[in-house]
Amino acid sequence: MDKDRRQRSYEEAQKYVREVRDFYGHLIAYICVNGFLFALNMVTSPGNWWFYWPMLGWGIGLSIHAFNTFGVMRYLGKDWEEDKIRKLMGDKEYDSYRMEKDDEDLYK
């Protein structure tokens, strides 16, 4: 079972690293595209500022992405619940409970 726990831990860490990588990709795209839109706005209609509208809309989406990756949802999600249960029960009691539960789920 120790190997299974390490495997799950590795998979959770790998999932988090992918989420962070995806967020930074999103951030880079946001900066590049909005920089281009700003330059385009400066060249085509410098007296009429419109570039901030797509920047604002996309910025809201980027903020939600950041919030989901780094923010409160990370601390109130399933992993957070499991960590709190483990702390309340104690490591040994929690591990034995999880092994029993995993065995029950295996035979369902």
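Whether a residue is more than 28 Å from the chain's Cα centre (by Cα), at pLDDT 95 or above, more than 30 Å from Lys3 (Cα to Cα) and not aliphatic (A, V, I, L, M) was assessed, and Trp50 passes this test. When Glu19, Glu11 are screened for being surrounded by 12 or more Cβ atoms within 10 Å (Cβ to Cβ), among the acidic types (Asp, Glu) and part of a helix (DSSP H, G or I), only Glu19 passes.
The values are calculated or read from the model by the stated rules, or taken from the named source; none is laboratory data. Being a predicted model, the structure only gives us computed values, none of them experimental. Here Cβ is always computed from backbone atoms with ideal geometry, including for glycine, and neighbour counts include all displayed protein chains.
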